[in-house]
2 protein chains.
Amino acid sequence: MTALPLEKAGEARGELTRQRILDAAQKLFSEHGSNGVSLRAITAEAGANSAAANYHFGSKMGLLEAVFARHATGIADERETLLQDCRAEPGRPPLLEQIVRAFLEPGMRGQHGGNGFARFRGRMLAENTEQTRELYARYFNDSTGQFLDALQDALPDLSSHDLHWRFHIMLGTMVYTLANPGRIQILSNGDCDPSDPGQALDTLVPMIAQLFRNPTMSPARTSETLHDINSIQAK
Amino acid sequence: MTALPLEKAGEARGELTRQRILDAAQKLFSEHGSNGVSLRAITAEAGANSAAANYHFGSKMGLLEAVFARHATGIADERETLLQDCRAEPGRPPLLEQIVRAFLEPGMRGQHGGNGFARFRGRMLAENTEQTRELYARYFNDSTGQFLDALQDALPDLSSHDLHWRFHIMLGTMVYTLANPGRIQILSNGDCDPSDPGQALDTLVPMIAQLFRNPTMSPARTSETLHDINSIQAK
DNA sequence: AAGATATTCAATCAAGCGTTTGATTGAGTC
DNA sequence: GACTCAATCAAACGCTTGATTGAATATCTT
């Protein structure tokens with residue numbers, strides 16, 4: 001990064017190490033989890049003094065929140081923009097594929113903080129502590145609610161219960177994909193690569209859209225009835 | 001736990017604290033992750049001396065492996081047994097619902113180590129470190145491979161690529177469900193409860209079976225073609 | 001009963017942790 | 001050129017960590 005000429009030179013000095021610490025923290029947190037990395041390791045990676053993290057962010061938790069906040073709003077905003085685009089289409093009902101992609105793409109492609117931030121998010125979602133849950137709720141509950149509403153509009157026949165469970169599947173898949181390397185990468189001998197956002201999105205979006213579109217299947221079936229199901233593709 | 005009369009009384013003493021330490025470790029690891037808990041906290045929870053964990057398991061990592069190993073083989077074994085049951089059905093092709101349930105149920109129901117071990121597994125899968133990945137590979141790669149084969153047999157028209165990706169979705173959903181509390185529990189105002197194994201299985205098994213059954217959807221579609229898809233339920 | 005073995009215990013170790021401190025730097029202001 | 005103030009630095013703080021020790025105690029074997 002070259003210094004911006006319009007920026008006061010004084011601001012630049014502190015801001016630079018601030019960003020370097022955020023970058024290092026994002027990288028190391030995403031690789032080893034928030035409890036698996038010390039502030040010393042982070043500041044060393046950033047080439048800063050060991051007290052710099054506390055100076056700029058108050059505490060380790062403050063640093064974690066700062067890493068999260070840096071790109072989270074950008075993702076939530078882009079999600080909402082893309083969702084608006086879905087609704088702006090001609091006069092037809094919005095497309096499931098488009099909605100699903102609008103939800104997944106901003107967080108999985110590299111625009112907001114690169115793949116490093118995607119992995120960081122996956123790790124934080126996976127850690128699932130009180131703090132990370134609170135962070136997610138604060139930054140994403142609004143946009144997530146909008147997507148649930150949009151999906152319910154597009155699928156009026158689907159029960160709220162099933163809608164939420166299918167959304168749960170989408171979330172779990174997203175988290176598991178972000179926190180690569182996943183197990184299929186090994187099990188498929190490298191054919192499937194969840195760390196490649198393009199492949200992941202192109203493959204997952206149609207599958208998950210179709211998942212939402214599937215008719216509700218009654219859970220309790222006798223073995224005899226089940227035999228007939230294999231040939232049924234839908235409804 | 002009352003002492004078993006058939007058991008030598010001498011074995012019981014050490015074995016008892018051993019089990020209490022395993023229980024405490026499973027609980028605390030599942031709640032705070034492997035790096036979020038100290039051996040002192042674990043031995044205190046177990047009502048044992050702080051040196052007991054190192055005495056019985058050598059190291060913290062040894063304890064983690066022991067917690068994992070205690071029930072992992074039981075799950076893998078039950079999975080394979082249930083998979084055999086699928087193949088033993090009359091002369092028809094095996095049922096997807098049955099295969100999916102055979103994969104999910106042993107790990108999600110409480111038989112093997114209770115819900116505590118399920119959450120522990122979810123947390124370990126989520127942590128996704130070199131050690132936990134190695135543990136999973138060691139204990140589950142075989143049975144997982146068998147399920148991939150069985151699914152491929154049941155779905156001969158599905159490409160290996162798509163099969164693995166859908167399996168990835170199932171794995172991600174399982175992990176995300178095990179590592180509750182999930183986000184839909186809040187977003188659905190408590191209607192969806194991933195921590196209830198019965199509800200989770202009854203809801204997820206049909207959805208995921210249908211997911212596997214869905215026809216392959218081409219990823220690249222123009223907006224115009226996409227409009228027609230919403231009404232298509234399948235093939 | 002006596003000796004061998006397995007287990008528990010309090011105490012201790014070096015290392016690392018997050019955080020705080022007081023001094024120092026260097027650019028901007030008057 | 002004196003003053004201000006955000007930023008950096010080396011050093012240390014008190015505390016927790018995983019691990020080890022050697023003595024004490026319980027249990028099993030003979």
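The values are calculated or read from the model by the stated rules, or taken from the named source; none is laboratory data. Bear in mind that the values here come from a model prediction, so they are computed numbers and not experimental data. Because the Cβ atoms are built from the backbone with ideal geometry, glycine has one as well, and the counts that use them run over all protein chains shown. Calculation scope for accessible area: heavy atoms of the full protein, side chains included, ligands and nucleic acids excluded. Shrake-Rupley method; radii C 1.70, N 1.55, O 1.52, S 1.80 Å.
Things worth noting here:
- Considering region A:53-87, and only residues there that are within 9 Å of DNA strand C (Cβ to nearest atom) and assigned to a helix (DSSP H, G or I), the residue that is farthest from the other protein chains (Cβ to nearest Cβ) turns out to be A:Tyr55.
- Residue among A:Gly47, A:Gly110, A:Gly58, A:Gly116 that is over 25 Å from the mean Cα position of the chain (by Cα), touching a residue at least 12 places away in the same chain (Cβ under 8 Å) and surrounded by fewer than 20 Cβ atoms within 10 Å (Cβ to Cβ): A:Gly47
- Helices (runs of 4 or more DSSP H) fully within region A:107-206 counting 1 or more residues that are modelled with pLDDT of 95 or more, of a type in the set (Phe, Trp, Tyr) and touching a Pro at 6+ places or on another chain (Cβ under 6 Å): none
- Leading residue by the ranking (farthest from DNA strand D (Cβ to nearest atom)) among those in region B:16-29 that are open to solvent by 10 Å² or more (accessible area, probe 1.4 Å) and not β-branched (Val, Ile, Thr): B:Asp23
- Summed over region B:58-77, the residues that are basic (Lys, Arg) and either modelled with pLDDT of 95 or more or on the phi > 0 side of the Ramachandran plot (or both) give a count of 1.
- Among the numbered conditions (1) outside the structural domain of A:Leu158 (by TED's automatic domain parsing); (2) more than 23 Å from A:Tyr176 (Cα to Cα), the only one that A:Thr81 does not meet is (1).
- Residues within region A:96-127 that are charged (D, E, K, R) and closer than 12 Å to A:Leu178 by Cβ, tallied: 4
- Of the residues screened, A:Thr177 is one that is polar (S, T, N, Q) and buried (at least 20 other Cβ atoms within 10 Å of the Cβ).
- In region B:161-179, residue farthest from the chain's Cα centre (by Cα) [restricted to those that are farther than 23 Å from A:Leu125 by Cβ and more than 7 Å from every other protein chain (Cβ to nearest Cβ)]: B:Asp162
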